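S.K.: First the structure, then my questions, so here it is.
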Amino acid sequence: MATNMTPSASATGTSTDVGLGRTVINDGVIAKVAGIAARDVTGVYALGGGTARALGALRNAVNSTDLGQGISVEVGETQVAADVIIVAEYPVPLQKVASDVRAAIVTAIETLVGMQVTEVNVTIDDVHIPSAEDDQPTAVRAQ
């Protein structure tokens, strides 16, 4: 096994050196962790703005999901700042959903990635109002 391996110059993210080697966590992985955490919050219908959700619907049609959709992270040496865009379910209290999303992202990143989260900015882009069509299974649903 080569002992002289380094990540490519295009790889971004955080790295830690330990006695037995180096760990590199790319920014996209941190965004996915945050996206998964945000999707699990009650009251979140979807992530991303209108264009991102439209592209997400196309991805879902071909059974491919971007778990980092709607998430932007800025990664430093030991800290992360995240921006998330959500669509909230109606009639959930919007401040509570934003607070719960923030807490879920902080917990996920600090637990799974091991980095300190300095801030999580939540933008509520839209409110989803359930309709009778939402109860029917569809092949394309932006989530």
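The values are calculated or read from the model by the stated rules, or taken from the named source; none is laboratory data. What you see is a predicted model, and the numbers here were worked out from it, not measured in a lab. Glycine gets a Cβ as well: all are built from the backbone with ideal geometry, and neighbour counts include every protein chain shown. When the accessible area is computed, the model is the full protein with side chains, heavy atoms only, and any ligands, DNA or RNA have been set aside. Shrake-Rupley method; radii C 1.70, N 1.55, O 1.52, S 1.80 Å.
S.K.: Using the Cα centre as the reference, give the magnitude of the dipole from point charges on the C-beta atoms of the stretch 64-119 (Lys, Arg: +1; Asp, Glu: -1; all else neutral), rounded to the nearest 20 debye.
M.R.: Result for the stretch 64-119 is approximately 180 debye, rounded to the nearest 20.
S.K.: For the full complex of protein chains and a 1.4 angstrom probe, list ARG102, ARG22 by accessible area with the highest value first.
M.R.: Result, largest first: ARG22, ARG102.
S.K.: Would you mind putting 88-94, 39-45 in packing order, based on average other-beta-carbon counts within 10 Å, highest first?
M.R.: 39-45, 88-94
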